[in-house]
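The values are calculated or read from the model by the stated rules, or taken from the named source; none is laboratory data. Bear in mind the structure is a predicted one, so any value in this text is a computation, not a measurement. Please note: Cβ atoms are built from the backbone with ideal geometry, for glycine as well, and neighbour counts cover all protein chains shown. Calculation scope for accessible area: heavy atoms of the full protein, side chains included, ligands and nucleic acids excluded. Shrake-Rupley method; radii C 1.70, N 1.55, O 1.52, S 1.80 Å.
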Amino acid sequence: MSEISLFQEARASYQPKLPKSLQGGIKAVEGNPTESVGDREEIKALFPNTYGMPVVTFEASGCCGCNAKSEPFNVGVILSGGQAPGGHNVISGIFDGIKSLNPENKLYGFLMGPGGLVDHKYMEITSEIMAAYRNTGGFDIIGSGRTKLEETEQFEKGIVILRELGIKALVIIGGDDSNTNACVLAEYYAAKNYGVQVIGCPKTIDGDLKNAQIETSFGFDTATKTYSELIGNIERDCNSARKYWHFIKLMGRSASHIALECALQTRPNVCLVSEEIEAKEKSLDEIVQYIADIVAARAERGDNFGTVLIPEGLIEFVPAIKKLIAELNDVLATDEAKSVAREDQIEYVRKHLSAANAATFSSLPADVASQLALDRDPHGNVQVSLIETEKLLSDMVGARLSEMKKEGKFCGKFSAQHHFFGYEGRCAAPSNFDADYCYSLGYNASRLILTGKTGYMSVIRNTTAPASEWIAGGVPITMMMNLEKRAGKMKPVIRKALVELEGKPFRFFAEHREDWALNTRYVYPGAIQYWGPSQVCDRTTCTLALEQGR
Ligand code: FBP
């Protein structure tokens, strides 16, 4: 074990909080049969064994030991997709949860994501190993990966190792795509009567795995607080030197939840929200003009500085580019396209696009065009984190301001700095919220296993209340599904939650952005605090506070 920091040493002794209902014996209360959010008949036909199950809520049974001493069983766990602060605490919650039922229960971690299950790469997570990772960031205890679990052959290889290790339930900790896979696997094992339960856990810094049942995905709280600290620092630098415009791209994939939350925390001069750009059908030129006008208006007051927040998925939401990506996905999905050599692919794509999309494609800078045309992750997503939107926009704004200067519409100076905050926040030590939330999600998963559930997502609600008041339970994953086009075919997937333009967080932002644009209203949130007054250490995100009226 390598040397640990003094912070890590002190933080290791933090005991995450659990909802009252999970602190002793539990009683499972089941609701009515459920339906999927869309395409009900199709989803029902695809998931005959796991469709329609009720939402379950755990209540305290009033007996502190009646869940204890169950027959021994083993559990497997997989970390899937991008890192999110708190993953280790989900695992420690599962670990403590199953040990509380029977100290002989064992937890196995499959290594480097879903691929570890298929390739039979695993390790037992012992109490010594677990102790070194409690309340730490990262997924390094077992590693993560993006292998897509969708083939029967993968499921069959999985069952071999699950049986060999005596594993009764598998917990998949992942985002919308990984939980979709968890649902498919649960259905397959149920259909085959293999006797292995599959439980999902809502992870992603992006915040887009949320709906009527899931208030927030874990990691969003810590990641946005980490980015907001950095943005606040930049704003202070910006307001001190008064000579730069900072263009800051923020991770978050398609959804703008991270950018919006950071804007609510730091009050920048500009924050673009992809969902609004799509709804208002803004072109790239209109976005550039919007920023350039704010730069010019501030310059008139003598303020040649500012901050611009850009969600990383912005480019996908500009309507012309969205249409282009949709056609590219279809063009790239054919067997013929897959057989084309990589160096010839751009030319191949260009020839197969419709005239309108070919024109959009040709208008993009070469690196952006090739990023859109060539690289997809295993789930078919454009790898937006690799597209330098912050540079693209600032170059275009600079060019527009030069024209405006000639027209007598801009009298100031424009000098830009660029930043991309993504990986900086994904493995930060979990905030108190994420430490407690994740531990509760993991512990709760052990109770879903105990009560024989499969195809359920571990869910903790009422999260703006103190942790003891949180509501624990499970939601059938099929309930969150609909059909969407992926790689040219309609597939069952969990519906991604984008920023709602009618939602309270966006509305609050929209009411204030003009003031924040022209005046300098920066807020400097500072670092995540672990010790000190509760209003500082346990503060919730602005998104949740506004959504839940706290
Ligand atoms: P998940 O959807 O798997 O949680 O990933 C989150 C994320 O951090 C996105 O915000 C980002 O676009 C992507 O991962 C980057 O992927 P990679 O880690 O493969 O570079």
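Data overview
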read-out: Only listed residue being in contact with a Pro (Cβ under 6 Å, 6 or more places away or on another chain) and farther than 22 Å from residue 252 by Cα, chosen from 74, 135, 102; value: 102
read-out: Check on residue 331, in contact with a helix residue (DSSP H, G or I) (Cβ under 7 Å, 6 or more places away or on another chain), within 16 Å of the ligand (Cβ to nearest atom) and closer than 29 Å to residue 276 by Cβ; value: no
read-out: Residue within the range 116-130 that is of a type in the set (Val, Ile, Thr), in contact (Cβ under 8 Å) with a residue 24 or more places away in the chain, within 16 Å of the ligand (Cβ to nearest atom) and under 27 Å from residue 9 (Cα atoms) present; value: no
read-out: Residue within the range 287-298 that is buried (at least 20 other Cβ atoms within 10 Å of the Cβ) and of a type in the set (Asp, Glu) present; value: no
read-out: Extreme residue, surrounded by the fewest Cβ atoms within 10 Å (Cβ to Cβ), among residues of the range 418-454 that are part of a strand (DSSP E or B) and either more than 15 Å from the ligand (Cβ to nearest atom) or at pLDDT below 95 (or both); value: 418
read-out: Selection from the range 487-546 of residues that are more than 22 Å from residue 217 (Cβ to Cβ), among the hydrophobic types (A, V, I, L, M, F, W, C) and part of a helix (DSSP H, G or I); value: 510, 516, 517, 518, 536
read-out: Any chance residue 270 is away from the ligand (no atom under 16 Å from the Cβ) and more than 29 Å from residue 511 (Cα to Cα); value: no
read-out: Top-ranked residue of the range 362-398 - restricted to ones that are more than 28 Å from residue 82 (Cβ to Cβ) and either within 14 Å of the ligand (Cβ to nearest atom) or in contact (Cβ under 8 Å) with a residue 24 or more places away in the chain (or both), ranked as least open to solvent (accessible area, probe 1.4 Å); value: 397
read-out: The range 26-52: number of residues that are open to solvent by 50 Å² or more (accessible area, probe 1.4 Å), in a loop (DSSP other than H, G, I, E, B) and hydrophobic (A, V, I, L, M, F, W, C); value: 1
read-out: The one condition in (1) more than 30 Å from residue 298 (Cβ to Cβ); (2) surrounded by fewer than 17 Cβ atoms within 10 Å (Cβ to Cβ); (3) in contact (Cβ under 8 Å) with a residue 24 or more places away in the chain that residue 533 fails to fulfil; value: (3)
read-out: Condition met for residue 231 (in a loop (DSSP other than H, G, I, E, B), in contact (Cβ under 8 Å) with a residue 60 or more places away in the chain and touching a helix residue (DSSP H, G or I) at 6+ places or on another chain (Cβ under 9 Å)); value: no
read-out: Pair list, Cβ under 6 Å, 6 or more apart: the range 405-427 residue in contact (Cβ under 8 Å) with a residue 12 or more places away in the chain and over 28 Å from residue 143 (Cβ atoms), other residue of a type in the set (A, V, I, L, M, F, W, C) and open to solvent by 50 Å² or more (accessible area, probe 1.4 Å); value: none
read-out: So residue 278, is it away from the ligand (no atom under 16 Å from the Cβ), in a helix (DSSP H, G or I) and without any contact (Cβ under 8 Å) to a residue 12 or more places away in the chain; value: no
read-out: Residues (crowded, with 24+ Cβ neighbours inside 10 Å and either among the polar types (S, T, N, Q) or not in a strand (DSSP E or B) (or both)) located in the range 242-257; value: 252, 253, 255, 256, 257
read-out: Hey, residue 208 within 16 Å of the ligand (Cβ to nearest atom) and surrounded by fewer than 22 Cβ atoms within 10 Å (Cβ to Cβ) or not; value: no
read-out: Filtered residue count, the range 455-470, keeping only those that are more than 14 Å from residue 216 (Cβ to Cβ) and either without any contact (Cβ under 8 Å) to a residue 40 or more places away in the chain or open to solvent by 30 Å² or more (accessible area, probe 1.4 Å) (or both); value: 3
read-out: Qualifying residue in the range 18-25 (condition: free of Cβ contacts under 8 Å to residues at least 24 places away in the same chain and loosely packed, with under 15 Cβ neighbours inside 10 Å); value: no
read-out: Flag if residue 244 is under 26 Å from the mean Cα position of the chain (by Cα), under 30 Å from residue 295 (Cα atoms) and of a type outside the set (A, V, I, L, M, F, W, C); value: no
read-out: Residue check, residue 286 at pLDDT below 90, assigned to a helix (DSSP H, G or I) and either more than 26 Å from residue 228 (Cβ to Cβ) or away from the ligand (no atom under 16 Å from the Cβ) (or both); value: no
read-out: Pairs with Cβ under 8 Å, 6+ apart, first in the range 165-182 and farther than 20 Å from residue 220 by Cβ, second within 12 Å of the ligand (Cβ to nearest atom) and open to solvent by 10 Å² or more (accessible area, probe 1.4 Å); value: 181/148
read-out: Filter result for residue 340 (closer than 19 Å to residue 371 by Cα and either open to solvent by 20 Å² or more (accessible area, probe 1.4 Å) or in a loop (DSSP other than H, G, I, E, B) (or both)); value: yes
read-out: Boolean, residue 310 is at pLDDT 90 or above and outside any helix (DSSP H, G or I); value: yes
read-out: Search result, residues across the range 229-249 that are closer than 22 Å to residue 529 by Cα and either aliphatic (A, V, I, L, M) or within 16 Å of the ligand (Cβ to nearest atom) (or both); value: 230, 231, 234
read-out: Answer residue from the range 1-17, given it is exposed (fewer than 14 other Cβ atoms within 10 Å of the Cβ) and outside any helix (DSSP H, G or I) and is nearest to the chain's Cα centre (by Cα) among those; value: 15
